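So the structure is just underneath, and the comments pick up after that.
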Ligand code: CP
(Lines give C-alpha, C1' and ligand atoms only; values in the text may rest on other atoms or scores of the structure.)
Protein backbone atom coordinates (compact mmCIF):
# COMPACT_ATOMS: atom_id res chain seq x y z
CA UNK A 1 0.00 0.00 0.00
CA UNK A 2 1.52 3.35 -1.07
CA UNK A 3 0.54 5.77 1.69
CA UNK A 4 2.94 8.70 1.51
CA UNK A 5 1.11 11.28 -0.58
CA UNK A 6 2.10 14.21 1.62
CA UNK A 7 2.65 17.47 -0.30
CA UNK A 8 1.82 15.88 -3.67
CA UNK A 9 0.04 17.79 -6.46
CA UNK A 10 -2.94 16.22 -8.25
CA UNK A 11 -3.29 17.97 -11.61
CA UNK A 12 -3.50 15.10 -14.13
CA UNK A 13 -5.12 11.73 -13.47
CA UNK A 14 -1.86 9.86 -13.90
CA UNK A 15 -0.04 11.99 -11.28
CA UNK A 16 -0.99 9.31 -8.77
CA UNK A 17 0.02 5.73 -9.55
CA UNK A 18 -2.61 2.99 -9.59
CA UNK A 19 -1.45 1.90 -6.12
CA UNK A 20 -1.78 5.48 -4.84
CA UNK A 21 -5.30 5.75 -6.28
CA UNK A 22 -6.13 2.49 -4.46
CA UNK A 23 -4.94 4.14 -1.23
CA UNK A 24 -7.15 7.17 -1.95
CA UNK A 25 -10.17 4.90 -2.46
CA UNK A 26 -9.40 2.95 0.71
CA UNK A 27 -9.22 6.15 2.75
CA UNK A 28 -12.34 7.52 1.00
CA UNK A 29 -14.40 4.50 2.06
CA UNK A 30 -13.08 4.79 5.61
CA UNK A 31 -14.06 8.48 5.72
CA UNK A 32 -17.47 7.69 4.22
CA UNK A 33 -18.05 5.11 6.95
CA UNK A 34 -16.87 7.52 9.66
CA UNK A 35 -19.24 10.22 8.40
CA UNK A 36 -22.14 7.75 8.32
CA UNK A 37 -21.42 6.77 11.95
CA UNK A 38 -20.83 10.35 13.09
CA UNK A 39 -17.25 9.50 14.07
CA UNK A 40 -14.97 12.55 14.28
CA UNK A 41 -12.18 12.59 11.68
CA UNK A 42 -10.54 15.99 12.10
CA UNK A 43 -7.25 15.10 10.41
CA UNK A 44 -6.72 18.64 9.10
CA UNK A 45 -7.33 20.76 12.19
CA UNK A 46 -6.07 24.36 11.64
CA UNK A 47 -5.33 23.67 7.94
CA UNK A 48 -6.77 25.94 5.26
CA UNK A 49 -7.41 25.13 1.60
CA UNK A 50 -7.51 27.96 -0.96
CA UNK A 51 -10.29 27.25 -3.47
CA UNK A 52 -9.64 29.53 -6.44
CA UNK A 53 -12.42 29.49 -9.05
CA UNK A 54 -12.20 30.97 -12.54
CA UNK A 55 -15.44 29.16 -13.51
CA UNK A 56 -18.82 28.38 -11.98
CA UNK A 57 -19.46 25.31 -9.84
CA UNK A 58 -22.12 23.65 -7.71
CA UNK A 59 -20.73 20.25 -6.68
CA UNK A 60 -17.01 21.02 -6.66
CA UNK A 61 -17.30 24.08 -4.46
CA UNK A 62 -19.83 22.48 -2.14
CA UNK A 63 -17.95 19.23 -1.67
CA UNK A 64 -14.49 20.78 -1.16
CA UNK A 65 -15.85 23.36 1.29
CA UNK A 66 -17.89 20.82 3.28
CA UNK A 67 -15.03 18.31 3.14
CA UNK A 68 -12.51 20.73 4.64
CA UNK A 69 -14.90 21.61 7.47
CA UNK A 70 -15.56 17.92 8.20
CA UNK A 71 -11.79 17.35 8.35
CA UNK A 72 -11.50 20.08 10.98
CA UNK A 73 -10.05 22.74 8.67
CA UNK A 74 -11.43 25.47 6.43
CA UNK A 75 -11.98 25.86 2.70
CA UNK A 76 -11.59 29.49 1.61
CA UNK A 77 -13.71 30.24 -1.47
CA UNK A 78 -11.95 32.73 -3.76
CA UNK A 79 -13.65 33.96 -6.93
CA UNK A 80 -10.92 34.98 -9.39
CA UNK A 81 -13.07 37.98 -10.40
CA UNK A 82 -12.67 39.48 -6.93
CA UNK A 83 -8.88 39.07 -6.86
CA UNK A 84 -6.18 41.21 -8.44
CA UNK A 85 -5.38 38.49 -11.01
CA UNK A 86 -6.93 40.56 -13.78
CA UNK A 87 -4.80 43.52 -12.60
CA UNK A 88 -1.52 41.65 -12.88
CA UNK A 89 -1.04 38.99 -10.17
CA UNK A 90 0.91 36.34 -12.09
CA UNK A 91 0.77 32.54 -11.70
CA UNK A 92 4.17 32.60 -9.99
CA UNK A 93 3.03 35.26 -7.54
CA UNK A 94 -0.16 33.35 -6.78
CA UNK A 95 1.84 30.17 -6.11
CA UNK A 96 4.38 31.97 -3.90
CA UNK A 97 1.86 34.06 -1.95
CA UNK A 98 -1.00 31.57 -1.55
CA UNK A 99 1.59 28.89 -0.77
CA UNK A 100 2.60 30.99 2.25
CA UNK A 101 -0.99 31.59 3.46
CA UNK A 102 -2.63 28.24 2.76
CA UNK A 103 -1.87 24.55 3.23
CA UNK A 104 -2.98 23.61 -0.30
CA UNK A 105 -4.26 25.48 -3.36
CA UNK A 106 -7.19 24.05 -5.32
CA UNK A 107 -7.95 25.67 -8.67
CA UNK A 108 -10.71 25.42 -11.30
CA UNK A 109 -9.70 27.00 -14.60
CA UNK A 110 -11.24 25.44 -17.72
CA UNK A 111 -10.35 28.01 -20.39
CA UNK A 112 -9.18 26.15 -23.49
CA UNK A 113 -5.39 26.36 -23.88
CA UNK A 114 -4.96 28.29 -20.62
CA UNK A 115 -6.30 26.45 -17.56
CA UNK A 116 -3.89 23.52 -17.29
CA UNK A 117 -0.90 25.78 -17.94
CA UNK A 118 -2.10 28.09 -15.16
CA UNK A 119 -2.29 25.25 -12.65
CA UNK A 120 1.15 23.96 -13.55
CA UNK A 121 2.74 27.41 -13.27
CA UNK A 122 1.15 27.97 -9.84
CA UNK A 123 2.36 24.50 -8.78
CA UNK A 124 5.94 25.29 -9.86
CA UNK A 125 5.98 28.31 -7.53
CA UNK A 126 4.00 26.83 -4.66
CA UNK A 127 5.44 25.17 -1.55
CA UNK A 128 2.07 23.45 -0.89
CA UNK A 129 0.08 20.95 -3.00
CA UNK A 130 -1.87 22.21 -6.00
CA UNK A 131 -5.12 20.31 -6.62
CA UNK A 132 -7.05 20.38 -9.88
CA UNK A 133 -10.73 21.17 -9.37
CA UNK A 134 -11.06 20.87 -13.20
CA UNK A 135 -9.01 22.30 -16.00
CA UNK A 136 -9.68 22.09 -19.73
CA UNK A 137 -7.76 18.78 -19.93
CA UNK A 138 -8.52 16.86 -16.72
CA UNK A 139 -11.18 16.56 -14.01
CA UNK A 140 -9.38 14.10 -11.69
CA UNK A 141 -11.61 14.42 -8.62
CA UNK A 142 -14.73 13.71 -10.66
CA UNK A 143 -13.00 10.65 -12.04
CA UNK A 144 -12.02 9.38 -8.57
CA UNK A 145 -15.63 9.75 -7.40
CA UNK A 146 -16.83 7.93 -10.53
CA UNK A 147 -14.39 5.07 -10.01
CA UNK A 148 -15.46 4.79 -6.38
CA UNK A 149 -19.13 4.71 -7.44
CA UNK A 150 -18.59 2.02 -10.08
CA UNK A 151 -16.68 -0.17 -7.59
CA UNK A 152 -19.42 0.21 -4.98
CA UNK A 153 -21.98 -1.12 -7.47
CA UNK A 154 -20.03 -3.52 -9.68
CA UNK A 155 -17.39 -4.70 -7.21
CA UNK A 156 -13.68 -3.93 -6.79
CA UNK A 157 -12.66 -6.27 -9.60
CA UNK A 158 -13.74 -4.45 -12.76
CA UNK A 159 -11.97 -6.74 -15.22
CA UNK A 160 -14.16 -7.61 -18.25
CA UNK A 161 -16.65 -4.90 -17.33
CA UNK A 162 -17.56 -2.78 -20.37
CA UNK A 163 -17.70 0.98 -19.87
CA UNK A 164 -19.04 3.16 -22.68
CA UNK A 165 -18.04 6.81 -22.55
CA UNK A 166 -20.30 8.52 -25.03
CA UNK A 167 -20.73 12.03 -26.32
CA UNK A 168 -24.29 13.36 -25.89
CA UNK A 169 -26.06 16.36 -27.35
CA UNK A 170 -26.45 19.50 -25.22
CA UNK A 171 -27.75 22.92 -26.14
CA UNK A 172 -26.64 24.98 -23.11
CA UNK A 173 -22.92 25.59 -23.76
CA UNK A 174 -19.75 23.92 -25.08
CA UNK A 175 -18.79 21.72 -22.15
CA UNK A 176 -15.11 20.93 -21.48
CA UNK A 177 -13.51 17.66 -22.65
CA UNK A 178 -11.92 17.10 -19.25
CA UNK A 179 -14.38 14.50 -17.91
CA UNK A 180 -14.14 12.03 -20.82
CA UNK A 181 -10.35 12.56 -20.97
CA UNK A 182 -9.92 11.76 -17.26
CA UNK A 183 -12.16 8.70 -17.59
CA UNK A 184 -10.27 7.18 -20.52
CA UNK A 185 -6.97 7.65 -18.65
CA UNK A 186 -8.04 6.20 -15.30
CA UNK A 187 -10.61 3.47 -16.02
CA UNK A 188 -8.40 1.12 -18.07
CA UNK A 189 -5.92 1.06 -15.15
CA UNK A 190 -8.65 -0.59 -13.06
CA UNK A 191 -9.38 -3.29 -15.61
CA UNK A 192 -12.39 -1.92 -17.44
CA UNK A 193 -12.81 -2.42 -21.18
CA UNK A 194 -13.45 1.13 -22.35
CA UNK A 195 -15.28 2.23 -25.49
CA UNK A 196 -15.21 5.94 -26.36
CA UNK A 197 -17.86 6.97 -28.90
CA UNK A 198 -18.53 10.39 -30.43
CA UNK A 199 -19.47 12.08 -33.71
CA UNK A 200 -16.46 12.85 -35.94
CA UNK A 201 -16.02 16.49 -34.84
CA UNK A 202 -15.79 15.60 -31.15
CA UNK A 203 -12.33 14.02 -30.99
CA UNK A 204 -10.46 14.21 -27.73
CA UNK A 205 -6.84 15.40 -27.57
CA UNK A 206 -4.58 12.99 -29.52
CA UNK A 207 -1.95 12.88 -26.77
CA UNK A 208 -4.62 11.87 -24.22
CA UNK A 209 -5.88 9.13 -26.56
CA UNK A 210 -2.29 7.85 -26.89
CA UNK A 211 -1.85 7.82 -23.10
CA UNK A 212 -5.18 6.01 -22.64
CA UNK A 213 -4.09 3.38 -25.17
CA UNK A 214 -0.82 2.96 -23.28
CA UNK A 215 -2.67 2.54 -19.95
CA UNK A 216 -4.96 -0.08 -21.53
CA UNK A 217 -1.91 -1.91 -22.95
CA UNK A 218 -0.19 -1.95 -19.52
CA UNK A 219 -3.38 -3.15 -17.80
CA UNK A 220 -4.12 -5.68 -20.58
CA UNK A 221 -7.60 -4.23 -21.11
CA UNK A 222 -9.18 -2.90 -24.29
CA UNK A 223 -9.69 0.70 -25.33
CA UNK A 224 -11.67 1.34 -28.52
CA UNK A 225 -12.53 4.68 -30.11
CA UNK A 226 -15.62 4.89 -32.35
CA UNK A 227 -15.94 8.10 -34.36
CA UNK A 228 -19.24 7.81 -36.20
CA UNK A 229 -22.16 10.18 -36.71
CA UNK A 230 -24.59 7.46 -35.53
CA UNK A 231 -22.32 5.41 -33.25
CA UNK A 232 -24.01 5.76 -29.86
CA UNK A 233 -26.50 2.89 -30.05
CA UNK A 234 -24.03 0.36 -31.45
CA UNK A 235 -21.40 1.25 -28.84
CA UNK A 236 -23.75 0.86 -25.88
CA UNK A 237 -24.58 -2.80 -26.70
CA UNK A 238 -23.95 -5.01 -23.63
CA UNK A 239 -22.37 -2.20 -21.60
CA UNK A 240 -22.11 -2.48 -17.81
CA UNK A 241 -21.65 1.28 -17.47
CA UNK A 242 -23.08 3.97 -19.77
CA UNK A 243 -21.38 7.32 -19.11
CA UNK A 244 -22.97 9.68 -21.64
CA UNK A 245 -22.33 13.39 -21.48
CA UNK A 246 -21.78 16.31 -23.79
CA UNK A 247 -18.53 18.06 -24.62
CA UNK A 248 -17.68 20.76 -27.14
CA UNK A 249 -16.02 20.19 -30.53
CA UNK A 250 -13.00 21.95 -29.03
CA UNK A 251 -10.38 20.32 -31.25
CA UNK A 252 -12.27 21.83 -34.22
CA UNK A 253 -13.36 25.18 -32.76
CA UNK A 254 -13.72 26.92 -29.41
CA UNK A 255 -16.04 29.52 -30.96
CA UNK A 256 -19.42 29.06 -29.19
CA UNK A 257 -21.54 29.87 -32.27
CA UNK A 258 -19.57 27.67 -34.65
CA UNK A 259 -19.46 24.91 -32.03
CA UNK A 260 -23.21 25.08 -31.49
CA UNK A 261 -23.83 24.72 -35.25
CA UNK A 262 -21.76 21.53 -35.21
CA UNK A 263 -23.45 20.21 -32.04
CA UNK A 264 -26.93 20.85 -33.49
CA UNK A 265 -26.31 18.22 -36.18
CA UNK A 266 -26.42 15.50 -33.50
CA UNK A 267 -29.60 16.11 -31.50
CA UNK A 268 -30.38 12.39 -31.67
CA UNK A 269 -27.44 11.62 -29.31
CA UNK A 270 -29.64 11.46 -26.20
CA UNK A 271 -29.66 8.83 -23.45
CA UNK A 272 -33.20 7.51 -23.25
CA UNK A 273 -34.70 4.22 -22.11
CA UNK A 274 -34.46 2.79 -25.65
CA UNK A 275 -30.70 3.39 -25.63
CA UNK A 276 -30.31 1.97 -22.11
CA UNK A 277 -32.19 -1.16 -23.21
CA UNK A 278 -29.25 -1.98 -25.52
CA UNK A 279 -26.92 -2.15 -22.50
CA UNK A 280 -26.90 -5.01 -19.98
CA UNK A 281 -30.03 -5.33 -17.87
CA UNK A 282 -28.18 -4.17 -14.73
CA UNK A 283 -26.22 -1.41 -16.50
CA UNK A 284 -25.79 1.87 -14.68
CA UNK A 285 -26.16 5.35 -16.15
CA UNK A 286 -23.57 7.94 -15.10
CA UNK A 287 -23.21 11.71 -15.57
CA UNK A 288 -21.07 14.16 -13.58
CA UNK A 289 -23.78 16.88 -13.70
CA UNK A 290 -24.95 19.45 -14.55
CA UNK A 291 -26.89 17.74 -17.36
CA UNK A 292 -29.19 19.31 -19.92
CA UNK A 293 -32.32 17.47 -18.77
CA UNK A 294 -34.44 15.94 -21.58
CA UNK A 295 -31.81 17.05 -24.11
CA UNK A 296 -28.64 15.19 -23.05
CA UNK A 297 -30.57 12.54 -21.09
CA UNK A 298 -34.27 11.96 -20.52
CA UNK A 299 -35.67 12.55 -17.03
CA UNK A 300 -36.92 8.95 -17.19
CA UNK A 301 -33.31 7.69 -17.30
CA UNK A 302 -31.79 10.33 -15.03
CA UNK A 303 -34.37 9.75 -12.29
CA UNK A 304 -34.75 6.03 -13.04
CA UNK A 305 -33.37 2.94 -11.30
CA UNK A 306 -30.23 2.65 -13.44
CA UNK A 307 -29.08 6.19 -12.67
CA UNK A 308 -26.30 6.67 -10.09
CA UNK A 309 -25.78 10.39 -10.63
CA UNK A 310 -26.43 11.35 -7.01
CA UNK A 311 -24.06 8.65 -5.72
CA UNK A 312 -21.38 10.08 -8.00
CA UNK A 313 -22.06 13.57 -6.65
CA UNK A 314 -21.90 12.30 -3.06
CA UNK A 315 -18.67 10.42 -3.64
CA UNK A 316 -16.99 13.67 -4.73
CA UNK A 317 -17.06 14.55 -1.02
CA UNK A 318 -15.47 11.33 0.22
CA UNK A 319 -12.85 10.99 -2.55
CA UNK A 320 -11.78 14.60 -2.17
CA UNK A 321 -11.55 14.34 1.62
CA UNK A 322 -9.26 11.35 1.15
CA UNK A 323 -6.90 13.29 -1.13
CA UNK A 324 -6.97 16.34 1.13
CA UNK A 325 -6.23 14.25 4.24
CA UNK A 326 -3.38 12.41 2.50
CA UNK A 327 -1.73 15.38 0.79
CA UNK A 328 -2.19 18.20 3.35
CA UNK A 329 -0.97 16.43 6.50
N1 LIG B 1 -19.38 17.73 -11.80
C2 LIG B 1 -18.94 18.94 -11.43
O3 LIG B 1 -17.73 19.22 -11.45
O4 LIG B 1 -19.92 19.80 -11.02
P5 LIG B 1 -19.76 21.36 -10.79
O6 LIG B 1 -19.39 21.96 -12.14
O7 LIG B 1 -21.10 21.83 -10.30
O8 LIG B 1 -18.67 21.61 -9.80
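The values are calculated or read from the model by the stated rules, or taken from the named source; none is laboratory data. In this text the structure is predicted, and so the values were computed from the model without any measurement. Positions of Cβ are backbone-derived with ideal geometry, glycine not excepted, and every protein chain shown enters the neighbour counts.
Results, tabulated for the structure shown:
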read-out	value
Options 48, 24: the member that is more than 16 Å from the ligand (Cβ to nearest atom), within 16 Å of the chain's Cα centre (by Cα) and assigned by TED's automatic domain parsing to the domain that holds residue 104	24
Residues located in segment 76-85, provided they are within 16 Å of the ligand (Cβ to nearest atom) and closer than 21 Å to residue 290 by Cβ	77, 79, 80
Test: residue in segment 129-150 that is out of contact with any strand residue (DSSP E or B) (no Cβ under 9 Å at 6 or more places or on another chain) and away from the ligand (no atom under 16 Å from the Cβ)	no
Criterion: closer than 19 Å to residue 232 by Cβ, out of contact with any helix residue (DSSP H, G or I) (no Cβ under 7 Å at 6 or more places or on another chain) and modelled with pLDDT of 95 or more - qualifying residue of 194, 177, 164	177
Unique residue being away from the ligand (no atom under 15 Å from the Cβ) and either out of contact with any strand residue (DSSP E or B) (no Cβ under 9 Å at 6 or more places or on another chain) or over 22 Å from residue 327 (Cβ atoms) (or both) when the list is 62, 88, 73	88
The lone exception for residue 172 - which of (1) under 30 Å from residue 80 (Cα atoms); (2) in contact with a helix residue (DSSP H, G or I) (Cβ under 6 Å, 6 or more places away or on another chain) it fails	(2)
3 or more residues touching a residue at least 60 places away in the same chain (Cβ under 8 Å): qualifying helices (runs of 4 or more DSSP H) within segment 72-162	115-125, 140-154
Any hit, segment 176-187, residues being in a loop (DSSP other than H, G, I, E, B), surrounded by 16 or more Cβ atoms within 10 Å (Cβ to Cβ) and within 16 Å of the ligand (Cβ to nearest atom)	yes
Of the criteria (1) touching a helix residue (DSSP H, G or I) at 6+ places or on another chain (Cβ under 6 Å); (2) within 15 Å of residue 170 (Cα to Cα); (3) not in a helix (DSSP H, G or I), which one residue 243 fails	(1)
